[in-house]
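Colleague: Sharing a structure here in structure tokens format.
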Amino acid sequence: MDNNIQDYLFDLQGYLVLENAISSADLHEMNQWIDAHESYVKEPWSTDGEPKKKGRWIGHIETHTYNEENGVNFQSIIEGGPVFERLIDHPAWIDLVKKYIHSSANGLSIHENFLNVRGPGGYLHIHCGGHVPLSYLTFRQNNTGEWMVGQINVLMALNDIGEGDGPPVLIPGSHKCTEIHPRLEVDGRGLIYDSVSGKPAGTAIAMQEMYLKAGDVLLFTDAITHGSAERTNPGYRRTIVYRYSPKYVRERFNYQISEELLRRLTPERRAIIEPNAPRRPPSA
Ligand SMILES: O=C(O)CCC(=O)C(=O)O
Ligand SMILES: [Fe+2]
């Protein structure tokens, strides 16, 4: 797509769809990784005899969820092998991400990276919007109008996501909306995340379902009002999300990157994963 058209649409809508962004060979490899870890999808949590459920570890990858209906997140999936490393600076989106985050001024980092598997009944609640005072939900520099997007989510479809598959949903343009979405308004105040209605984001007013083919990518500002519809079909939705931010935004859960991965990363990828190398005295 012409760059000017792409910039216009990203500014206007707050999202872009990049069709056929991921090769079928890479898709196959990632789907094989999921197939090989099916037991973690069926049995995501361990208790170790304690009442509280805990994530399970696969090397440096941990199973996690925000709410159980979201399905299973395999956090720090960049540790899962070369195919996941290639996504760090994937040519289909890295230049767009750099432009919109304005990486020449802000640097670049990944705030969170995970693979999500979501089955029947799974969904996300509505969250975010132009009313939210979160530091990383910036979009433009107010005085000059230059790009200054605080967080870009790159959501990759690993299988086809259509009607009933629990597609991502969003409200085009809502990153600029000053009114609070009615479902995020409680006693006249705006929530970041709907923790009250118990309803899937897909049922909220003005939501648009985003259907994707395997290999398509939904690139969106985290400031947009979004979530996902309920999965009503059998089977599992498979996605990956890499959230890019200025280097000043810290890694969300502070997962420590393994030495093996750090050694293996190309300089370009390492600069994104570890934008500030640790400084220690020579003896430490
Ligand atoms: O899982 C989805 O469809 C939406 C994911 C989401 O909310 C996000 O990546 O920020
Ligand atoms: Fe989100």
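The values are calculated or read from the model by the stated rules, or taken from the named source; none is laboratory data. Predicted, not measured: the structure shown is a model, and the values here were computed from it. A quick note on method: Cβ atoms are made from the backbone with ideal geometry, for glycine too, and the neighbour counts reach across all protein chains shown. Ligands, DNA and RNA are excluded from the accessible area calculation, which covers all protein heavy atoms including side chains. Shrake-Rupley method; radii C 1.70, N 1.55, O 1.52, S 1.80 Å.
Colleague: Using a 1.4 Å probe, how large is the accessible area of Tyr248, given in Å² and rounded to the nearest 10?
Modeller: Tyr248 exposes around 150 Å² with every protein chain in place.
Colleague: Skipping prolines and chain starts, which residues have an amide H placed within reach, meaning under 5 Å, of the one on Tyr193, given they are 5 or more residues away or on another chain?
Modeller: Cys128
Colleague: Considering only C-alpha atoms, what is the centroid distance from region 30-90 to region 132-191, in Å?
Modeller: 25
Colleague: Could you give the accessible area per residue of the chain, probe 1.4 Å, as a whole number in Å²? Write out the running numbers ahead of the final one.
Modeller: Values: 13850 Å² over 284 residues.
Heavy-atom accessible area per residue stands at 49 Å².
Colleague: Please list Thr144, Thr221, Thr47 from largest to smallest accessible area, probe radius 1.4 Å, with all protein chains kept in place. Write out the running numbers ahead of the final one.
Modeller: On the way: Thr144 90, Thr221 0, Thr47 60 Å².
Correct descending sequence by accessible area is Thr144, Thr47, Thr221.
Colleague: Turning to a different aspect of this structure: What is region 162-284's relative contact order, in percent, from Cα pairs under 8 angstrom and six or more apart in sequence?
Modeller: Details: 108 pairs, mean separation 41.6, N = 123.
With pairs under 8 Å counted, the relative contact order is 34 percent.
Colleague: Another question, then. For the chain, what's the relative contact order in percent, using C-alpha pairs closer than 8 Å and at least 6 residues apart? Mind dumping the intermediate values first?
Modeller: Numbers: 575 pairs, mean separation 78.0, N = 284.
Computed over the chain, the figure is 27 percent.
Colleague: Can you pull the percent of the chain's accessible area that's carbon plus sulfur, 1.4 Å probe, other chains left in place?
Modeller: Values: 6870 of 13850 Å².
Summing carbon and sulfur atoms, their accessible area is 50 percent of the total for the chain.
Colleague: Give the Cα extents of region 1-145 along the principal axes, in whole Å, largest first.
Modeller: Over region 1-145, Cα extents along the principal axes are 57, 38, 30 Å.
Colleague: Still on this model: How big is the charge dipole of region 13-158 about its Cα centre, in debye rounded to the nearest 20, if each Lys and Arg gets +1 on its Cβ and each Asp and Glu gets -1 on its Cβ?
Modeller: Numbers: 10 positive and 17 negative charges, 83 e Å.
For region 13-158, the charge dipole is close to 400 debye.
Colleague: Residue-wise, which Karplus ³J(HN,Hα) couplings in Hz belong to region 113-128, taking 6.51 cos²θ - 1.76 cosθ + 1.60, θ = phi - 60°, and x for glycine or proline?
Modeller: Residue by residue, region 113-128 yields 9, 8, 10, 10, 10, 10, x, x, x, x, 6, 10, 6, 5, 8, 6 Hz.
Colleague: Hey, another quick one. What's the Kirkwood radius of region 159-284 in Å, using all Cα pairs? Walk me through the intermediate numbers first.
Modeller: Values: mean 1/r = 0.0560 Å⁻¹.
Every distinct Cα pair counted, the radius reaches 17.9 Å.
Colleague: For region 269-282, just list the computed ³J(HN,Hα) in residue order, Karplus coefficients 6.51, -1.76 and 1.60, θ = phi - 60°, integers in Hz, with x standing in for Gly and Pro.
Modeller: 6, 4, 5, 7, 6, 9, x, 10, 5, x, 10, 9, x, x
Colleague: Something else about it: From the mean inverse distance of alpha carbon pairs (Kirkwood) and the Cα radius of gyration, derive Rg over Rh for region 94-153. Don't skip to the answer; put the middle values down first.
Modeller: Details: Rg = 14.6 Å, Rh = 13.7 Å.
Reported Rg/Rh (Cα atoms, Kirkwood Rh): 1.06.
Colleague: Rg to Rh for region 127-195: what is it, with Cα atoms only and Rh by Kirkwood?
Modeller: Numbers: Rg = 14.5 Å, Rh = 14.1 Å.
Taking Rg over the Kirkwood Rh, I get 1.03.
Colleague: Round to the nearest 10 and report in Å² the accessible area of His175, as given by a 1.4 Å probe over the protein chains' heavy atoms.
Modeller: Looks like 20 Å² after rounding.
Colleague: List, in order, the whole-Hz ³J(HN,Hα) value for each residue of region 249-254 obtained from phi through the Karplus relation with A = 6.51, B = -1.76, C = 1.60 and θ = phi - 60°; use x for Gly and Pro.
Modeller: 8, 7, 4, 4, 10, 6
Colleague: Given DSSP loops and a limit of at most 15 other Cβ atoms within 10 Å, what is the longest stretch of the chain that contains no such GluC sites (Glu not before Pro)? Mind dumping the intermediate values first?
Modeller: Details: sites that count: Glu19, Glu146, Glu163, Glu179.
My reading of the result: 20-145 is the longest stretch.
Colleague: So what's the convex hull volume per residue for the Cα atoms of region 1-72, in Å³?
Modeller: Each residue corresponds to 154 Å³ of Cα convex hull volume.
Colleague: Also, quick follow-up: Evaluate 2.2 N^0.38 Å with N set to the residue count of the chain, then give the Cα radius of gyration divided by it.
Modeller: Against the compact-globule rule of thumb, the ratio is 0.99.
Colleague: Using a 1.4 Å probe and ignoring any ligands, DNA or RNA, find the accessible area of Val241 and quote it in Å² to the nearest 10.
Modeller: Here the accessible area works out near 10 Å².
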